[in-house]
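See below for the structure under consideration.
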Amino acid sequence: MRKLIAVFTLALATVAFAPRPAAAQGGDCTRAYNQCLNDTWDLKGFQQTMADIECLSEYLGCVRRLL
Amino acid sequence: MRKSILLLALPVAVGVPILLVACAGDDVAAAGHRLIRGFEDRAVPVTCQAVDLGTEAPELLRGASDTSFVVLNAAERRITEYGDDLAALWSLEYEETGPAAIEGPESVTLLADTAVAVLARGGNRLVVLDRAGALIATEALGFIPAAVAATSNGELLITPMPLGDMPGTLMVRYRGGELEELPVPKRSYVDMTVNALGNILLVEALADGGAVAVHQFFAPRAFHVVPHIGGATVSPLRVPTPDVTAAAIDVVPRAPITDDQFDRILTPAVAMSMDRGRDEVYLVTRSGRDLGGQPERTVLRTDRRLELIAAYVPDVSFRKMAFLPRRRAAIVADDFDRFHLCPLNAIDRAD
């Protein structure tokens, strides 16, 4: 039983810490984009529009790099 | 002669829609898509060889000439041209601030034998440098830039990530310090982010002064563009896609785009490269299969009209590629930013 737990733990650690190529993390671009948009909430008018465009620009660049 | 088979599948359970499927010929389905039928049997497996260029983490990788390619390393702020023997030919270090600033590079191309052009998301700019890194020209583009190619006439063709009506078309020509929209039509999507992604084109110049531009996402569509005085002649092209990916054709994700949606969308052109001597286009797309938990990529070798010549499946997962015509091989950067050399010279699996 102890050996089984040890093997299971080792397998879990291997999966958890294995390097992940970025292709599986397209959703990270979306999350970063949403966070960026949230960060502009206190801006007003033209400043907010330009900040949102910058967020979109970063998002599009992120997606292109990951796909 | 094309053979047509019409299948009518009746619903077998309540709620199952009626499927009407028409299969016509080897290459073109009734819906007008250029499917590569029997892809899994036709694709040539390729064994790649790891190579060391003395640099890591390339941001951009692009074919330059028949015997060279260029690498932009954003971490080192360095642009280097390599010969197809993998030796560095020249290298420059660029700035991220000041008049010649390159921040957020999206695309790079060599311009004649003397300059390099870079599209930068920082400031939405075109920056042209000489090979010593001195500034030649900059241009505020007024739109988010996606890709750039240098024609044999010394003009730059630039494609945008369109935001609303900016710009009005999918290609802008830069020559003599002037920007001119060329009549490459947009596709329309409701959501702003999906619309931007769905209209990104990769572009490569042909030897005769024209260019081929291919949609990166969702729609297997492309254009042959021939710039001339006063505008351009633009012809639509269909991009070949493995039959395994047929279900993804024209699938449009819903914002916000989740990981699950990213895994299922069509990517007609993850990367693109040219053999100008043979007038052939090399497209990287998803094969529809899985490679070690990641989408497997295939390299489609086509003529200038995107008619398929051969399909290759390298044994590494990659998104960046430059074709080296003289070596009949592609230099690729894998998902961990390591370089590999992949021979692409067989026509079919019997070779």
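What follows draws every value from the coordinates through simple rules; no lab data is involved. Worth saying up front: this structure is predicted, and the values here are computed from it rather than measured. Because the Cβ atoms are built from the backbone with ideal geometry, glycine has one as well, and the counts that use them run over all protein chains shown.
A few points about this structure:
- Using alpha carbons only, the radius of gyration of the protein assembly as shown set against its Kirkwood radius gives Rg/Rh = 0.98.
- Cut-off 11 Å between beta-carbons: net charge of the residues surrounding residue B:169, Lys and Arg +1, Asp and Glu -1: -1
- By definition, a body whose alpha carbon gyration tensor gives a ≥ b ≥ c is oblate when a/c is 1.5 or more and a/b is not larger than b/c, and the stretch B:97-211 fits this oblate description.
- The stretch B:111-176: trypsin sites (Lys or Arg not before Pro) in DSSP coil with no more than 13 other Cβ atoms inside 10 Å: none
- Among residues other than residue B:87 with Cβ under 12 Å from its Cβ, the summed charge is -4 (Lys and Arg +1, Asp and Glu -1).
- B:97, B:80, B:109 arranged by Cβ crowding within 10 Å, fewest neighbours leading: B:97, B:80, B:109
- Think of chain B as having a plus end and a minus end, set by charges on the Cβ of Lys, Arg, Asp and Glu; of B:142, B:64, B:211, B:211 sits farthest toward the positive end of this dipole.
- Each of B:340, B:314, B:164 was scored by the projection of its Cα onto the charge dipole of the protein assembly as shown, and the greatest displacement toward the positive side belongs to B:314; charges sit on the C-beta of Lys, Arg, Asp and Glu.
- Net charge dipole, the protein assembly as shown: roughly 1120 debye, given to the nearest 20, about the Cα centre with Cβ charges of +1 for Lys and Arg and -1 for Asp and Glu.
- Loop trypsin sites (Lys or Arg not before Pro), the stretch B:219-262, which have at most 15 other Cβ atoms in a 10 Å radius of their Cβ (DSSP): B:254
- Neighbours of residue A:40 by Cβ distance under 11 Å: Lys/Arg scored +1, Asp/Glu scored -1, total -3.
- For chain B, with +1 on Lys and Arg beta carbons and -1 on Asp and Glu, the positive-most of B:246, B:151, B:114 along the dipole: B:246
- Computed about its Cα centre, the charge dipole of the stretch B:242-348 is approximately 460 debye, with only Lys, Arg, Asp and Glu carrying charge at their Cβ.
- Gyration tensor (alpha-carbon) shape descriptor, the stretch B:205-266, a/c threshold 1.5: prolate
- Mean separation of Cα contacts under 8 Å (6+ apart) over length of chain B, as relative contact order %: 15 percent
- Over the stretch B:208-351, volume per residue of the alpha carbon convex hull, in Å³: 134 Å³
- A simple charge model with +1 on the Cβ of Lys and Arg, -1 on the Cβ of Asp and Glu and nothing else charged puts the dipole of chain B at about 1020 debye relative to its Cα centre.
- Residues A:29, B:48, sorted so that the one with the fewest Cβ neighbours within 10 Å comes first: B:48, A:29
- When the Cα atoms of the stretch B:32-110 are aligned to their principal axes, the ranges along those axes come out at 53, 34, 22 Å in descending order.
- As a proxy for reagent exposure, ranking B:152, B:188 by other Cβ atoms within 10 Å from fewest up yields B:188, B:152.
- Shielding score for B:190-199, defined as the mean number of other chain Cβ atoms within 10 Å: 2
- Whole-angstrom Cα spans of chain B along principal axes, big to small: 68, 46, 39
- Each helix, a run of at least 4 DSSP H residues, gives -39500 (n - 2.57); summed and divided by the residues of the protein assembly as shown, these come to -5000 deg cm²/dmol at 222 nm.
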